[in-house]
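Working notes, structure below.
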Amino acid sequence: MLYIVATPIGNLEDITMRAIRTLKEVNLIAAEDTRTSGILLKKYEIATPMISFHAHSDDRKVVELIEKMKAGQNVALISDAGTPGISDPGFKLVRAAREAGVAVIPIPGPSAFLTALSGSGLPINRFLYLGFLPMKKGRQTMLKSLQEEGRTIVFYESPHRLLKTLGEFSEYFPERKLVLARELTKIFEEFLSGTPAELYEHFQKKSPKGEFVIIMAGKDFQQED
Ligand code: SAM
């Protein structure tokens, strides 16, 4: 069996009892970064062996894991933070497991975009999750296409690219309300809101640090909605 196990996005207490039990009971944990996950495993006294499975793992690694599961071993997939497969490695392994007839059992838990949306104060009955924007090819086309998007949109962004992105947003979406969720579940968690230009100015004075989720109101959003 393949268990897809969500792990904390910062605060190590954000893990379910089922996730801990599963990580203790499986034969092997496939982790994006064994050193990062080692901290979590140590806290919960999980002694299960780990192997690395990351974005650059080749197809041989997928085949090797599938063979182990077909031979009766149970494997848990975890990423550095949050839900595996959400802007993280995992999709190829889940697809291969399903194709090979290996049972796939997702164990739900945190994800940064859902945590950010739930605290944003923007409408979230319907939303569009886009993960990281493309770095180059297709980026401008995507931004242009979003000018007509009526739903709340949620992105991931690295601190190094935040200013560039806010600069572009101020050109493409000058009037839209943005909410930035920073360092969710951690000591310096904060939510900042404003227009792209206002947030650009803020981070020009104080350089962006930590992890960010960007949430943008849809085109027709009114504060009083
Ligand atoms: N699989 C993860 C999930 O379910 O949320 C996402 C992994 S993705 C590689 C990492 C990005 O998620 C970061 O660059 C940041 O945009 C966002 N992120 C992860 N943890 C966060 C946190 N504690 N606060 C804000 N954003 C976070």
Enumeration of residues in the range 165-188 that are among the charged types (D, E, K, R) and either closer than 16 Å to V154 by Cβ or touching a residue at least 40 places away in the same chain (Cβ under 8 Å) (or both): R176, K177, R182, E183, K186
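For the range 42-59, state whether one or more residues are of a type outside the set (A, V, I, L, M, F, W, C), within 30 Å of I215 (Cα to Cα) and touching a residue at least 24 places away in the same chain (Cβ under 8 Å). Explain how you work it out, then say what you get.
First, the residues of the range 42-59 that are of a type outside the set (A, V, I, L, M, F, W, C): 42-45, 48-49, 52, 54, 56-59.
Right, trim to within 30 Å of I215 (Cα to Cα) and you get 54, 56.
Still in the list and also touching a residue at least 24 places away in the same chain (Cβ under 8 Å): 54.
Yes, that holds for at least one residue.
Can you give me the number of residues within the range 32-60 that are surrounded by 13 or more Cβ atoms within 10 Å (Cβ to Cβ) and either of a type outside the set (A, V, I, L, M, F, W, C) or within 13 Å of the ligand (Cβ to nearest atom) (or both)? Reasoning before the result, please.
From the range 32-60, those surrounded by 13 or more Cβ atoms within 10 Å (Cβ to Cβ) are 32-34, 36-38, 40-41, 43-44, 46, 48, 50-54, 57; that's our starting set.
This time we only want the ones that are either of a type outside the set (A, V, I, L, M, F, W, C) or within 13 Å of the ligand (Cβ to nearest atom) (or both), so: 32-34, 36-38, 43-44, 48, 52, 54, 57.
Count: 12.
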Looking only at the range 170-225, how many residues end up being within 14 Å of the ligand (Cβ to nearest atom), basic (K, R) and either within 15 Å of F113 (Cβ to Cβ) or in contact with a helix residue (DSSP H, G or I) (Cβ under 7 Å, 6 or more places away or on another chain) (or both)? 1
Looking at the range 116-164 only, could you name the residues that are of a type in the set (S, T, N, Q) and closer than 15 Å to R182 by Cα? S118, S120, S158
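Yes/no per residue for (1) more than 16 Å from the ligand (Cβ to nearest atom); (2) closer than 20 Å to R126 by Cα:
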site: M142; (1), (2): yes, yes
site: E149; (1), (2): yes, yes
site: H160; (1), (2): no, no
site: G167; (1), (2): yes, no
Need pairs with beta-carbon distance below 9 Å; first residue under 14 Å from F191 (Cβ atoms) and within the range 203-219, second basic (K, R) and part of a strand (DSSP E or B); sequence gap 6+ or separate chains. G210/R182; E211/R182; F212/R182; V213/R182
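Computed from the coordinates by the stated procedures, all read-outs in this text should not be read as laboratory data. This structure is a prediction, so every number in the text was calculated from the model and none was measured. All Cβ positions, glycine included, derive from the backbone under ideal geometry; neighbour counts span all protein chains shown.
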